[in-house]
1. Just one of 239, 287, 299 is modelled with pLDDT under 95, more than 22 Å from the chain's Cα centre (by Cα) and either exposed (fewer than 14 other Cβ atoms within 10 Å of the Cβ) or closer than 30 Å to residue 78 by Cα (or both); which is it?
2. Which of the numbered conditions does residue 245 fail, given that it passes all the others? Conditions: (1) more than 23 Å from residue 169 (Cβ to Cβ); (2) not in a loop (DSSP other than H, G, I, E, B).
3. Can you pull out every residue in segment 111-151 that is in a helix (DSSP H, G or I) and at pLDDT below 90?
4. Residue by residue through segment 184-205, note down the ones that are outside any loop (DSSP other than H, G, I, E, B), in contact with a helix residue (DSSP H, G or I) (Cβ under 8 Å, 6 or more places away or on another chain) and surrounded by 12 or more Cβ atoms within 10 Å (Cβ to Cβ).
5. Given the conditions (1) crowded, with 18+ Cβ neighbours inside 10 Å; (2) over 23 Å from the mean Cα position of the chain (by Cα), and given that residue 249 satisfies all but one, which numbered condition is not satisfied?
6. Any chance segment 256-263 includes a residue that's more than 30 Å from residue 94 (Cβ to Cβ) and surrounded by 15 or more Cβ atoms within 10 Å (Cβ to Cβ)?
7. Which one of 108, 90, 66 is at pLDDT 80 or above and either in contact with a strand residue (DSSP E or B) (Cβ under 6 Å, 6 or more places away or on another chain) or buried (at least 18 other Cβ atoms within 10 Å of the Cβ) (or both)?
8. With (1) surrounded by 14 or more Cβ atoms within 10 Å (Cβ to Cβ); (2) assigned to a helix (DSSP H, G or I); (3) in contact with a helix residue (DSSP H, G or I) (Cβ under 8 Å, 6 or more places away or on another chain) as the list, and residue 208 as the residue in question, which single condition is left unmet?
């Protein structure tokens, strides 16, 4: 490395020497710092509703330094990025403000939201839909799959928002180790993709296939899946998880209920978050957002 550094330095000096001897026009540069991109209406909206109140920067234009080089990625479409950002505010940020306070959300909020147009494919044939890095940045993949006239296509992203945000709390205060011991045989790391269905995972006591990848993921899956779904959905899931395909009793529902009790107590006692209240707020807002024009920035 030292030899390379010296060689590059000498080359630079040599180039500089010969350049000075030529009559080159140095009045301009290809790196024109005087060109400052004018802020769009969306940029100004982001300043007002993301940057100033929460110190969150939304990267909706493709920036390779924020991307994961393990995948072949493409930019997110502008209008779909805008719709996702509106949904994030309405179904993720504001529910915490309503339930606790804006100061609470600000304290634990990530600093960057990064959007990617397509999913990232992993070697186990699974796709990456979201990533969080140390609580500082959350990346959302496959943004181009959003349908602007169908708010339901935003719900997977909303679930990911709550999932990744729940990780931030989990990383700051230890969770009850009893959770990890309820279904230790179910945690199969990257082999979670070999589980045939969500129902199979639930019959085994994990709330989702991805929850079977690790106890830490199962923990926040319980949290996020609970708050973004209706009480009716949750009860039907438990009913389905209580029997096998032949109708014989299995322990899936009982195990999920035990996990939920641990998750509920952790967020209530450690953070003051009541999952029932959060679910009520999020589900009410899910109905309300159907009447919001996602092409228009709401104030």
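1. Numbers: 239 fails: modelled with pLDDT under 95; 287 fails: more than 22 Å from the chain's Cα centre (by Cα).
Going through 239, 287, 299 in turn, the sole match is 299.
2. Unmet for residue 245, out of (1) more than 23 Å from residue 169 (Cβ to Cβ); (2) not in a loop (DSSP other than H, G, I, E, B): (2).
3. To start, the set of residues in segment 111-151 that are in a helix (DSSP H, G or I) comprises 143-145, 151.
151, the sole residue that qualifies.
4. 186, 190, 192, 199, 201, 202, 203
5. Here residue 249 meets the rest and fails (1).
6. Of all residues in segment 256-263, those more than 30 Å from residue 94 (Cβ to Cβ) come to 258.
Retained after the next criterion (residues that are surrounded by 15 or more Cβ atoms within 10 Å (Cβ to Cβ)): 258.
Within segment 256-263 (the criterion being more than 30 Å from residue 94 (Cβ to Cβ) and surrounded by 15 or more Cβ atoms within 10 Å (Cβ to Cβ)), the answer is yes, since at least one residue qualifies.
7. Values: 108 fails: either in contact with a strand residue (DSSP E or B) (Cβ under 6 Å, 6 or more places away or on another chain) or buried (at least 18 other Cβ atoms within 10 Å of the Cβ) (or both); 66 fails: at pLDDT 80 or above.
From the options 108, 90, 66, the qualifying one is 90.
8. Every listed condition holds for residue 208 apart from (2).
The values are calculated or read from the model by the stated rules, or taken from the named source; none is laboratory data. Worth saying up front: this structure is predicted, and the values here are computed from it rather than measured. Every residue, glycine among them, receives a Cβ derived from its backbone with ideal geometry; neighbour counts consider all protein chains shown.
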